[in-house]
1. Restricting the search to segment 208-254, which residues are without any contact (Cβ under 8 Å) to a residue 60 or more places away in the chain and either within 30 Å of residue 123 (Cα to Cα) or of a type in the set (A, V, I, L, M) (or both)?
2. Can you find, within segment 69-82, the residue that is farthest from residue 105 (Cα to Cα) among those that are open to solvent by less than 20 Å² (accessible area, probe 1.4 Å) and outside any strand (DSSP E or B)?
3. Does segment 335-342 contain at least one residue that is modelled with pLDDT of 90 or more and open to solvent by 20 Å² or more (accessible area, probe 1.4 Å)?
4. Between a residue in segment 676-699 that is at negative phi and open to solvent by less than 90 Å² (accessible area, probe 1.4 Å) and any residue that is of a type in the set (S, T, N, Q) and not in a strand (DSSP E or B), which pairs come within a Cβ distance under 8 Å, given they are 6 or more apart or on different chains?
5. Would you tally the residues in segment 564-583 being out of contact with any helix residue (DSSP H, G or I) (no Cβ under 7 Å at 6 or more places or on another chain), surrounded by 15 or more Cβ atoms within 10 Å (Cβ to Cβ) and under 24 Å from residue 62 (Cα atoms)?
6. What's the number of the only condition in (1) open to solvent by less than 10 Å² (accessible area, probe 1.4 Å); (2) touching a Gly at 6+ places or on another chain (Cβ under 6 Å); (3) touching a residue at least 60 places away in the same chain (Cβ under 8 Å) that residue 386 fails to meet?
7. Output yes when any residue across segment 471-490 is at pLDDT below 80, in a strand (DSSP E or B), surrounded by fewer than 18 Cβ atoms within 10 Å (Cβ to Cβ) and not acidic (Asp, Glu), and no when none is.
8. Is it the case that some residue within segment 150-171 is in contact with a Pro (Cβ under 7 Å, 6 or more places away or on another chain) and surrounded by fewer than 19 Cβ atoms within 10 Å (Cβ to Cβ)?
Amino acid sequence: MAVTKAENSASRRLFIRVNVLVAVVLAVFALVGVNLIGQLKNARFDLTGGMSGHRVSERTKNILKQSGKDRVVRITTVYASDDPETSRKEFFPRVQDLSEELQAWCKSQGIPFESSHIISGDDQAKLRDRVQEKFGSAAREYNEVVTLAQDVWKDVKESLTAARQQVIALAAGDSWVGGFPALANIASILQKDIKNTDDTNQEVENLVRGQGIPRYSEANEKIKSLNDDLKQHIEQIQGWSRETDKLAKVLADPNADFVKTTRTRLKEMADKVAELKNIAGDPRTTDVPADPKPLLQNFAKASIQFGEFLTAESTRVNAFLNEHPALRQHPRWQIKTGMFVVDLSNVLNSAAESVGTNGRALRGYLQQNVPLDQLQNLVRQTRQIGVETGEMLQQWNTTLTAVLDEGAGIDEPSKAFLAHAGGDLFTKALERVDAVATKIGTLPELKLDEIATRMQQDNIIVVERGDDVRVVTFDEAWLYADPSGRMSARDEDGPPLRVFDGDSAIANAMLGMVTSKATATVVLVTFEEEVPPQMRQFQRPATGPMPLESIRAMREQLQRMQFKVETWNLAEENAREKKPKVEEGQSVVYVFLPPPPPTPMFMMRQQQQQQKQFTPQDAEVAREILADGGRGIFLANWDPQPPARFGPPAEYGWGAILRDDWGINVDTNRRVVRGEVERRTPGRYAINVVQWWYMQLSSFTQQPIGSPLRARRMLMKDVCPVVRGEQVPAGVKISPVLEVPEGTTDIWAEKDIERIFAALQ
C-alpha cells in the first residue's frame, strides 16, 4: 500500500520527464523491483504478455513529448537471428507491435517519428554508415591518431629491425659486448617488439577499418599499450647501453683510477699472501718450531692487517660496482663455485672476512693458557689457511686481471654500438611515440565504441534523435524471467523464458538523449556488517533477507533508467555522518531494505565475536527522513526466524515506525498462502504444490503505483501481510496497491508454515 500524510502542493509537484517521482521509482520496481526483489526469496512471476506488452507507457510518452518536434525520432530494428534462443520468428512480432504503437501515438501528438525494420546485409551496412556519420569531426580526430600511430610504427619497426641485426652480428662475432648475456636478451626483446608491432597494427586496422562501425577507443587502448611497451623496452635498452658504454670507457683507459689502482692492489695482494705463507712455513713439512708462539703471533698480526687491507679493497670495488652496475653483467663476473654461481665480488668479501676473523681468533687464542702440543697444531693449521687464502685470492686476481686486459682491447664495433644505442639510435622513435600519446590525451570523448560493440550483437533496436544515437540490445529489450539465475525459468527443454521490456528499454535510450541529468537519486538503506576474515568460517555476515548483492539486477535497471543509486549502510562506523549527499534540487527516494533480525541470546553466546545488531536507534533514521519530508519505500517479505527460547518472535526492523507513525502493520512472521477449494467437501481447502511455490496474486488497484500492473497475471511467493492498523494517525491517508479482494476465502496469512511445508515435502 502507499501511505502519505497531508502535504502542500509544492511537495506534490510533478517531477520533470516523468509522472510523480514515487510513481516512477515504484514503476521501476514494477518492471524489475516487484519482479526481481521478489525473486530474492525465490519468487517467480509469470509475465506472459510482458509488464508493458506492446503498449506505450506514460513514462515513454512523457519522454517523447520532451524530445520536442524539431528533431525526428527514428527507430530501426535489426532482428535477423535464426538462433532458437533469439529467433526473429519468436521475438520480432512484439517489437514490431510496439513500434507501430509508438508510430501511431507520435502521429497523434504531431511528434516526428520514423520506424523501419531491416534484415539484409546491405541495409545493415547503410545503417552503420549513417550511425558513423553522426560522430563526424570527433571520429575523424580518432582516425587521425590511428593513421599517425601506424606511420610511427613503420619507422619504429625499421629502427628496431636494424638494431636487432646489429645486436645479432655482435653476439655472433668476437666482440667485447657480444659476451654479455644481456645482449642476447636485447635481441629477444627487439624481436618480440617487432612482432607485437605487426600484430597490433593488424588488430587496430581490423577495429577501425574492418567490417562494422570503427571501434576507435578500443583501438586507442591497443595503441597506448603497444607504445607503452615500446617506450619501456627502448628506455631499458638505452639505459643498459649507457651504463655499459660508461664501463667500457673506464676499462679501455689504462690511466683510469680504477684500472691503475686495481692492478696495483692485485700486486700488493699477491705480496701479502706470500708473506702469510712465508710466516706459516712450508705446508709440505710437519716440522714446527720448539716455541710456536712468536710464529703464531706474527701470523695473527699479518692476518689482521691483511684482513683490513682486503676490507678496504672490497669497499672500493663495491663502490665502483654501484657506480658502474654494468660490470656485474660482465660474462666473467659471475663465477661458479661448486653447485652455485656467485658474484665475483663475493670472493673478495669472503676472503676479507675470513682472513680478518682468523687473525683475531688466533690472537685471542694466544692470550689463553694453551698447551704446547695445541700451539704446534695451530702452526700446521696456519700453513693450510695460507694455502686456502692464496687459492681464493688467486681466483680473484686471475679473473679481474682478465676483465681489465679484455677491457683494454675493446673492439670498435662494440664501442660504436654502445655509444649509438645509448645515444640517438632510438631518440626519434621515442619522440614520435610520445607524440602519439600526447595526441591521444587531447581527444574528445567518443561513445562510438560502445555503439559499435552493441551493433555487432543479434537483435538490436537502434534509436536515433538528430545526431544522437543509442542501441538497445536484445537482453535489454527482453529481460530474463529469472534474472537472479536461481530458478529454471524455461519451457520444458527450451531456452530461458524472457519478458518483453522494450517500452522501458527504448524510453531509457531516449531519456539519455533528452537530458544527461539524473532522473533522481535512489538511496538504498541497508544494514550489513562484514565478518572479520579470521572469523568467516565461524560467522556469517550480518545481513537482512535482501543483501545488496542480491538486488544487483534492480540496481542496474535503475541506473539504465538514469537514476543515481547510492548506498547507505547503517552498520558502518559513524553511519549517520556517511549519509549520501544529494545534489541540490534533485529528488531523492530512500529504499529501506529489511534489516537482519536480532540474534537470539543462546546463539550470541556461541559466537566468538558478537556482531552489531540492528537497534531501534538505527531505525530512527527512517523516522527522521520521513519527518523531514523525505519519501521512502520499505521492502519486506515473509522471513522465517530462528526459534527464540524466550519471548515473541522478532519484529520487522522498520515495523515499529510504520505502525506507530503511519498506522501500518507489517507482519513478516506470517506468509500469505493460497488454498485450493475441496469441491467435494465444502469449507475445506488443500494446498496445491504449484500454488505454494507460485501463488497467483495480482489484484492491483487503480492507485498510481498499482495501476500499471493491473490485468497482469502475477505469480509470487514469500509474501507477508501488510494491513491497516487499528489506529491510523491523523493526516495519514492509506491507499492499497495490492490487496486481497473483498470476500476472498481461499487466501490467508499463516504462521505455522513448518507443518504445511513438511506435508508438501
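The values are calculated or read from the model by the stated rules, or taken from the named source; none is laboratory data. Note that the coordinates shown come from a computational prediction; the quantities given were computed from them, not determined experimentally. In this analysis, Cβ positions are derived from the backbone assuming ideal geometry, glycine residues included, and neighbour counts consider all displayed protein chains. The area values use the complete protein model at the heavy-atom level, side chains included, leaving out ligands, DNA and RNA. Shrake-Rupley method; radii C 1.70, N 1.55, O 1.52, S 1.80 Å.
1. If the condition is that a residue be without any contact (Cβ under 8 Å) to a residue 60 or more places away in the chain and either within 30 Å of residue 123 (Cα to Cα) or of a type in the set (A, V, I, L, M) (or both), then 209, 210, 211 are the ones that fit.
2. Top of the filtered list is 81.
3. For segment 335-342, residues modelled with pLDDT of 90 or more and open to solvent by 20 Å² or more (accessible area, probe 1.4 Å): absent.
4. Filtered contacts from segment 676-699: 676/688; 676/691.
5. The total comes to 1.
6. It fails just one condition, (2).
7. Yes: one or more hits.
8. No: segment 150-171 contains no residue that is in contact with a Pro (Cβ under 7 Å, 6 or more places away or on another chain) and surrounded by fewer than 19 Cβ atoms within 10 Å (Cβ to Cβ).
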